[in-house]
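The values are calculated or read from the model by the stated rules, or taken from the named source; none is laboratory data. Remember, predicted model here, so these are calculated numbers, not experimental data. Positions of Cβ are generated from backbone atoms using ideal geometry, with glycine treated the same way; all protein chains shown enter the neighbour counts. The area values use the complete protein model at the heavy-atom level, side chains included, leaving out ligands, DNA and RNA. Shrake-Rupley method; radii C 1.70, N 1.55, O 1.52, S 1.80 Å.
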Amino acid sequence: MTTDNQHLAIDRVQELFFEEYGTMPSVTARSPGRVNLIGEHTDYNEGFVLPIAVPFDTAIAAIPEDSSTIRVCSEGFGHTIFNLNEDPSLSPLWARYLHGVGTYIKQNGHQLKGWTAYIASDIPIGANLSSSAALEIAAGLIFCSVNNIEADMKQLAFAGQFAENSILGLPSGIMDQMACAFAERDSALLIDCKDLSMTPVKLPEGASIVVMDTGTRRELAGSEYADRRQTCQEIARELGVPSLRYATHSQLSQLNPSHGAKLKRARHVISENIRTKKAVEVIKSQNIFELGELMTESHQSLQYDYEVSSPALDEIVHTALKSEHCYGARMTGGGFAGCAIALVNREMVSQFCAEILENYQSPALQPAESPTKVFPVRASAGASLIQ
Ligand code: GLA
């Protein structure tokens, strides 16, 4: 991961392809990772999310195959070969993301030829920066390109979600894939996860978004995630609404207290949807202070009501909020480990980063696997093919 805006994976992937296969690739695709500014754990409740793409990519360089074989060499994961006609669950875990995307496109009526590829990535895995969604979207672009299918980015987002839900058994929502596919430079993307309508929201000029990587990493399988998702469905059913998007605090207060912690899970979703819509308004009016406050409130709600934060995420958010240059901070993505974000006075970004590196102490309760990193990010553009 870098601290500037160079797309290093893109720079090196074609070279690595050439070294591996002795010929130049005929197509290269890239997809960024993402951070979510606000609107967490709302996507699978038909709610609102506000992600940006970060300037770190997963890049795939490829040539078509005549058969339905996929042959891939991936930085950090080595080689694998699989056939699109085989059962995806026979592929190595990481390759199932590719296989799952291909399976979805095939199921939608396309005959698919395979490809030979090299994959390079600057997005750390398990850091809540959506490395998997980036891999899925980049792979989707490669599938379309080598098979002369016009890429429908929404379909590719569904293909990625299909790979996670149906092939890997991870019940994730649609935010990450939509963010990777549709993000716009210098804007956050408001996504209404009910109908997937999107509104780019130009970010305020006086503030920078700083990603703070605690160096902690989460497990792939998300039993806690599945549990939260199920709870939301259960409470929506109790309230007689199609999803928590339609629920209100006053309806929730009428439910039987015997539902216990489930009530505060639902309270998070209801309050987070309100905060996300408010965040869009305050961004439009350039009210950075209020945006920061909403982000911090979102963190508290995730920490105490939804309970998906972690000792390291809480500690780095706490450290950020102690800085006079910080307007607000929160965990981002699914939670439990990885990265948090801070909204910081643009003039004071380097000072802020130095303060975090100096003052943040990794909690003994959740030891880091890699060193703490802090990097300001400019909102980047979504996935694309590179000529
Ligand atoms: C993960 C999932 C997303 C979303 C976030 C939480 O990143 O993949 O669909 O639910 O968690 O907002």
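Run the dipole for segment 262-387 about the Cα centre, Lys and Arg Cβ at +1, Asp and Glu Cβ at -1, nothing else charged, and hand back the magnitude in debye, nearest 20.
It comes to approximately 500 debye.
Take the alpha carbon atoms of segment 189-219, find their center, do the same for segment 130-149, and report the distance between the two centers in whole angstrom.
After rounding, the separation between the Cα centres reads 21 Å.
What do you get for Rg/Rh over the chain if you use C-alpha atoms and the Kirkwood form of Rh?
A ratio of 0.97.
Magnitude of the Cβ-charge dipole of segment 328-387, K/R +1 and D/E -1, about the Cα centre, nearest 20 debye?
So the dipole magnitude of segment 328-387 works out to roughly 200 debye.
Using r as the Cβ-Cβ distance of Asn287 and Ala261, and R0 as 45 Å, what FRET efficiency do you calculate, to the nearest 0.05?
Given R0 = 45 Å and the Cβ-Cβ separation, E is 0.85.
For segment 131-136, just list the computed ³J(HN,Hα) in residue order, Karplus coefficients 6.51, -1.76 and 1.60, θ = phi - 60°, integers in Hz, with x standing in for Gly and Pro.
4, 5, 4, 4, 5, 5
Please label the shape of segment 204-377 as rounded, prolate or oblate, based on the square roots a ≥ b ≥ c of the eigenvalues of the alpha-carbon gyration tensor (a/c under 1.5 means rounded; beyond that, a/b larger than b/c means prolate, else oblate).
Taking the square roots of the gyration eigenvalues as a ≥ b ≥ c, segment 204-377 is oblate.
With unit charges on the beta carbon (Lys/Arg positive, Asp/Glu negative), name the residue among Gln254, Ile316, Gln161 whose Cα is farthest towards the positive pole of the charge dipole of the chain.
Gln254
If you place +1 on the Cβ of every Lys and Arg and -1 on the Cβ of every Asp and Glu, how big does the dipole about the Cα centre of the chain come out, in debye to the nearest 20?
With Lys and Arg at +1 and Asp and Glu at -1, about 760 debye.
Averaging sequence separations of C-alpha pairs under 8 Å and six or more residues apart, then dividing by the length of segment 204-377, give the relative contact order as a whole percent.
Here the relative contact order equals 36 percent.
Would you mind getting the accessible area per residue of the chain, heavy atoms of the protein chains only, 1.4 Å probe, in Å²?
Accessible area per residue, the chain: 40 Å².
When we measure straight from the Cα of Lys277, which lysines land under 25 angstrom away, once same-chain ones fewer than 8 places off are left out?
Lys154, Lys194, Lys202, Lys262, Lys264
Under the classification rounded if a/c is under 1.5, otherwise prolate if a/b is larger than b/c and oblate if not, where does segment 65-163 fall, given a ≥ b ≥ c as square roots of the Cα gyration tensor eigenvalues?
Oblate, because a/c is 1.5 or more while a/b does not exceed b/c.
Taking just the alpha carbons, could you work out the radius of gyration and Dmax for segment 164-225, both in angstroms?
Both quantities, over Cα of segment 164-225: 15.0, 43 Å.
How large, in percent, is the carbon and sulfur part of the accessible surface of segment 204-377 at a probe radius of 1.4 Å?
Summing carbon and sulfur atoms, their accessible area is 48 percent of the total for segment 204-377.
Rounded if a/c is under 1.5, else prolate if a/b beats b/c, else oblate: with a ≥ b ≥ c from the C-alpha gyration tensor eigenvalues square-rooted, which is segment 23-109?
Taking the square roots of the gyration eigenvalues as a ≥ b ≥ c, segment 23-109 is prolate.
With θ set to phi - 60° and the Karplus curve 6.51 cos²θ - 1.76 cosθ + 1.60, what are the ³J(HN,Hα) couplings of segment 184-195 in order, to the nearest whole Hz, using x for Gly and Pro?
10, 4, 6, 10, 8, 10, 6, 10, 8, 6, 7, 10
Between Met24 and Ala354, take the C-beta separation as r, use R0 = 51 Å, and let me know the FRET efficiency to the nearest 0.05.
0.75
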